[in-house]
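Take a look at the structure below.
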Amino acid sequence: MRALARSTHSPRLLCAPGNAGIAAEAECLPEVGAEDVEAIVAAARDRAVDLVVIGPEAALVAGAVDALERAGIPAFGPSAAAAELEGSKAFAKELMEEAGVPTASHELLRSREEAIEHLASASYPLVLKADGLAAGKGVIVCASEAEAREAVDVFFTERRFGDTTVVVEEFLEGEELSLLALCDGENVVPLAPAQDYKRIFDGDRGANTGGMGSYSPVPGFGAAEVEEIVDAVHRPIVAAMARRGRPFHGVLYAGLMIGPGGPKVLEFNTRFGDPETQAVLPRLRSDLVDLCLASRQPGGLAGARAEFGDDWAVTLVLASAGYPASSSKGDVIEGLEAAAELAEVTHAGTAERDGEVVTAGGRVLNVTALGGSPTEARDRAYDAARRISFDGMQMRTDIAARAAERVPG
């Protein structure tokens, strides 16, 4: 949102539904659910909105962009047909195979009985993924058959996963890399690379989360390396989607594992994913509104580039007690103003209660700092984050440590 606010168009910002932090920077529409397509369209029409940027994946999969465009309201993001790239991991695997995009070997298991039979002869560790949307909680790394059977029981019995297919795939080792790119159905404009930290605890231990921190840029991945990834991953996917009559407009986020055999795709998102976005967009020097508008038109991004500054950004996620298995709500958050003196504090799972800001979700806040080196940005981010407190607050202490070791300063 702040990247949109920096546009030369000087936009007036509305946010649905918003939260305690966003309310200080935009008009919030608490009555409009983030995934309520009809309410989003009605609100945009009533307020004569010039551009709607869809954030949540569920809204994209539900056809928010399609509905807005039918109503004559410009929208940034993929159609429901194109958003299936995130909405179905099975579809994404099928498309990668068609397009020749490198990814982990895999099989699709369509029942609990089929899964149990497969697991008895599988090699471990392996990765199990729920086919559909799972808010960052649909991926489980299993070290043994017992852990895999437990994961299968979760996927096939818990209502939040619905009538699911489970994707079982090989466990890839290496370093993760996230590369977001803007697409207009034909052309691909990469953003700066970032590195995400998925596990809840230091040293990449514990359960997978929606992301506990990130940093950008990434040592060893300059313009040439980014272009190689785009050629191997993003452009083939965009071309394959076009051949299927599902032109991809919006953000194509590739979550990659960089191993001895080169990059392989772990997952696709069809939106600005956090916490990578919080580390990437503060470094963006191009006008994000112009790029979003151009991406709506076939060929609109031809010749376009996204320019970034030379600074480093480090983002820390502050999570509530119990996350990712559960979340604690209603805990009073202190120190926000003190932290904002050193870094950018972005609200996620927060709310206002009796004049105080309280927790209202699993991942509560993002703290992002810029610096001339990864060490400087990292030190500022942690200095700011340590000014914030709430009961049960969780924060990894090793975000961007590798980058600080590799880049002097």
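The values are calculated or read from the model by the stated rules, or taken from the named source; none is laboratory data. Being a predicted model, the structure only gives us computed values, none of them experimental. Quick reminder, even Gly has a Cβ in these numbers, built from the backbone with ideal geometry, and neighbours come from all protein chains shown. Keep in mind that these areas ignore ligands, DNA and RNA; they rest on the heavy atoms of the full protein, side chains included. Shrake-Rupley method; radii C 1.70, N 1.55, O 1.52, S 1.80 Å.
Label-to-label distance for SER10 and GLU113 is 6.8 nm, based on points extended 7 Å past Cα in the beta-carbon direction. Estimated purely from DSSP H runs of n ≥ 4, each contributing -39500 (n - 2.57), the mean residue ellipticity at 222 nm for the chain is -7500 deg cm²/dmol once divided by its residues. Note on Kirkwood radius over Cα pairs in Å: of the candidates [x] 24.0; [y] 21.8; [z] 28.5, the value calculated from this structure sits at [y]. Each Lys or Arg adds one and each Asp or Glu subtracts one; over the other residues with Cβ under 13 Å from the Cβ of GLY273, this totals -4. Taking label positions 7 Å along the Cα-Cβ direction at both VAL154 and GLU27, the computed distance is 4.2 nm, reported to one decimal. Measuring r between the beta carbons of GLU173 and SER121 and using R0 = 30 Å, the FRET efficiency lands at 0.85. Taking a ≥ b ≥ c as the square roots of the eigenvalues of the alpha carbon gyration tensor, segment 223-290 is oblate, as a/c is not under 1.5 and a/b does not beat b/c.
If you restrict to DSSP beta bridges whose two residues both lie in the chain, what percentage is antiparallel, to the nearest 5? Display every interim value, and only then the final one.
Details: 63 of 68 bridges.
Roughly 95 percent of the beta bridges in the chain run antiparallel, per DSSP.
In terms of packing, defined here as the mean over residues of other Cβ atoms within 10 angstrom, the peptides 203-214, 325-336 line up highest first as 203-214, 325-336.
Please give the per residue accessible area of the chain, computed with a probe of 1.4 Å over protein heavy atoms only, in Å².
Values: 17260 Å² over 409 residues.
Computed with neighbouring chains in place, this is 42 Å² per residue.
Whole-Hz Karplus values for segment 310-320 come out as 8, 6, 9, 10, 10, 10, 10, 9, 9, 10, 7 Hz, taken residue by residue from phi with 6.51 cos²θ - 1.76 cosθ + 1.60 and θ = phi - 60°; glycine and proline positions read x.
Based on the Cβ-Cβ distance from GLU69 to ARG305, what FRET efficiency comes out when R0 is 30 Å, to the nearest 0.05? All intermediate terms of the calculation are to be shown ahead of the outcome.
Values: r = 26 Å, r/R0 = 0.87.
For GLU69 and ARG305, the calculated efficiency is 0.70.
Is the shape of segment 45-88 best called rounded, prolate or oblate, per the rule: a/c under 1.5 gives rounded, else a/b larger than b/c gives prolate, else oblate, with a ≥ b ≥ c the square roots of the Cα gyration tensor eigenvalues? Prolate is the answer for segment 45-88, as a/c is 1.5 or above and a/b outweighs b/c.
Couplings 3J(HN,Hα) of segment 254-265, computed from phi: 9, x, 10, 10, 9, x, x, x, x, x, 10, 7 Hz, in residue order, whole Hz [Karplus 6.51 cos²θ - 1.76 cosθ + 1.60, θ = phi - 60°; x for Gly and Pro]. Between the residues GLY322, VAL226, VAL238, the greatest Cα displacement towards the positive end of the dipole of segment 178-336, with unit charges on the Cβ of Lys, Arg, Asp and Glu, is found for VAL238.
In the chain, what percent of the accessible surface is made up of carbon and sulfur (1.4 Å probe, ligands and nucleic acids excluded)? Numbers along the way, then the final one.
Working: 8300 of 17260 Å².
Answer for the chain: carbon and sulfur cover 48 percent of the accessible area.
Got a sec? Which residues in segment 50-92 would a label at ARG2 touch, if it sits 7 Å along Cα→Cβ and we count backbone N under 19 Å? Zone members listed by number: 55. In terms of the mean number of neighbouring beta-carbon atoms within 10 Å, the peptides 79-86, 30-37 order highest first as 79-86, 30-37.
Multiplying the residue separation of THR397 and ALA338 by 0.36 nm and removing their Cα-Cα distance gives an extension gain of 19.3 nm.
From the square roots a ≥ b ≥ c of the eigenvalues of the alpha-carbon gyration tensor of segment 250-371, which class results: rounded (a/c under 1.5), prolate (a/b over b/c), or oblate?
Numbers: a/c = 1.99, a/b = 1.61, b/c = 1.24.
Prolate shape, in that a/c is at least 1.5 and a/b is the bigger ratio.
How many lysine pairs are close in the chain, with Cα atoms under 14 Å apart and the two 8 or more places apart or on different chains? Close lysine pairs under the 14 Å cut-off: 6.
Each Lys and Arg Cβ is given +1 and each Asp and Glu Cβ -1; about its Cα centre, the chain then shows a dipole of about 400 debye.
Under 5 Å from the amide H of GLY213 lie the amide H atoms of TYR197, VAL317, each residue being 5 or more positions distant or on a separate chain, with H modelled from the backbone and absent for Pro and chain starts.
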